[in-house]
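Notes for the one structure printed next.
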Amino acid sequence: MKKAGLLYIACIFVLGCLPLSRADTSGPLNIIISPNSTRVAVPTSDGIFVHNAHTGEVLSRFTATLPGEMPPPQVLTFSANASMLASGHGNRIYVSETATGKALALLDGYPDSITALALSPDGKILASAGGDWTVRLWEFSTRKYIRSLTGHPGAVNAIAFSPDGKTLASAGSTLRLWDITTGELRYAPDKDLGSINRICFSPDGKLLATGGGWDFTVHLWDVNTRNLLKSLKPHTGEIRDIAFSPDGHTLATASADKTLTLWDVNTRSLRSRFSAYVDKEKMLTTKDRRKTYDVSAVKFSQDSGHLVIASRAGTLHFYELKNGQYRPTYLDLKKVIVNP
């Protein structure tokens, strides 16, 4: 009965007259939050839905023209102001407008599967990484290829632009810092860092935080001196996300171990550790309960007053930093019914 229902929905979509669409609830969702914490992107079988991060309202949906033309995205990234969303689908890269869901650009025929994406703060350059261990830079307005950045001895799992857009950080088992204008390699520490899957610059661009996979470690770097300032081991599971507060004073880390930690950036000391979710009963919504509590993303509000936490079960939670409590607000993005 369930399969017949899904087939019916798919057929309506093919005919182009879908009146209502429901986000896919068959498994955990790898959703992301925009850098300014105002938007949330949710990949589903019906396309990519962009939500208001405060109300859960669906703002737009991006999907290919024909079914099967756009496989589910492996990676997603917002522009700094959340006006654009880049998504990697196999060996294709789409960039869409978050306000309308309209496709702005398509880079097709990529040599390998996309593993990481980043848009420069001014939205002029798109950086991409693939399974061939190479980072490529593209001029967004013309879709023109600029150059390749090579030198990683393995897969590139994460890339990020500095706030001024002049430096690009890329990482996998190693870390690289690149000059965007010249393509020159600025820094490559002679150190095996395990498996970096998250990178985040501080708001002033002076610090860089990298988060690991199998070693569960967060490294804090001084961008100017290239020194490793501190290795933080706050978790017993994979690092799902890391984020600096807009005021630059706090670093948040989120993990598959179902906890979050807050660090004082100046003293590099642990401020607090807490469970990722306040109401576990509401989180018991997926078939596989081991995946239910996994954190997908975390970002600070613009005033640095609270955290927006996204789970791989497709939910949003809000944690007040001043009083150390969760808000009553709980948004289940999976249950939102969309009228395109």
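The values are calculated or read from the model by the stated rules, or taken from the named source; none is laboratory data. If you're wondering where the values come from, they're calculated on a predicted model, not measured in any experiment. When we count neighbours, we look across all protein chains shown, and the Cβ atoms used for this are built from the backbone with ideal geometry, even at glycine. To get the accessible areas, we keep the full protein, side chains included, count just its heavy atoms, and leave off ligands, DNA and RNA. Shrake-Rupley method; radii C 1.70, N 1.55, O 1.52, S 1.80 Å.
Summary of computed values
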{"read-out": "Set 136, 186: member being part of a strand (DSSP E or B), farther than 15 Å from residue 221 by Cβ, open to solvent by 20 Å² or more (accessible area, probe 1.4 Å) and out of contact with any His (no Cβ under 8 Å at 6 or more places or on another chain)", "value": "136"}
{"read-out": "Condition check for residue 86: at pLDDT below 90, outside any loop (DSSP other than H, G, I, E, B) and surrounded by 14 or more Cβ atoms within 10 Å (Cβ to Cβ)", "value": "no"}
{"read-out": "Of residues in segment 190-207 being among the aliphatic types (A, V, I, L, M) and free of Cβ contacts under 8 Å to residues at least 40 places away in the same chain, the one surrounded by the fewest Cβ atoms within 10 Å (Cβ to Cβ)", "value": "193"}
{"read-out": "Residue in segment 229-239 that is free of Cβ contacts under 8 Å to residues at least 12 places away in the same chain, of a type in the set (Ser, Thr, Tyr) and open to solvent by 30 Å² or more (accessible area, probe 1.4 Å) present", "value": "no"}
{"read-out": "Filtered residue count, segment 166-175, keeping only those that are in contact (Cβ under 8 Å) with a residue 40 or more places away in the chain and in contact with a Gly (Cβ under 8 Å, 6 or more places away or on another chain)", "value": "1"}
{"read-out": "Residue match in segment 329-339 (condition: at pLDDT 75 or above and part of a strand (DSSP E or B))", "value": "no"}
{"read-out": "Odd one out for residue 172, checked against (1) within 17 Å of residue 296 (Cβ to Cβ); (2) open to solvent by less than 10 Å² (accessible area, probe 1.4 Å)", "value": "(1)"}
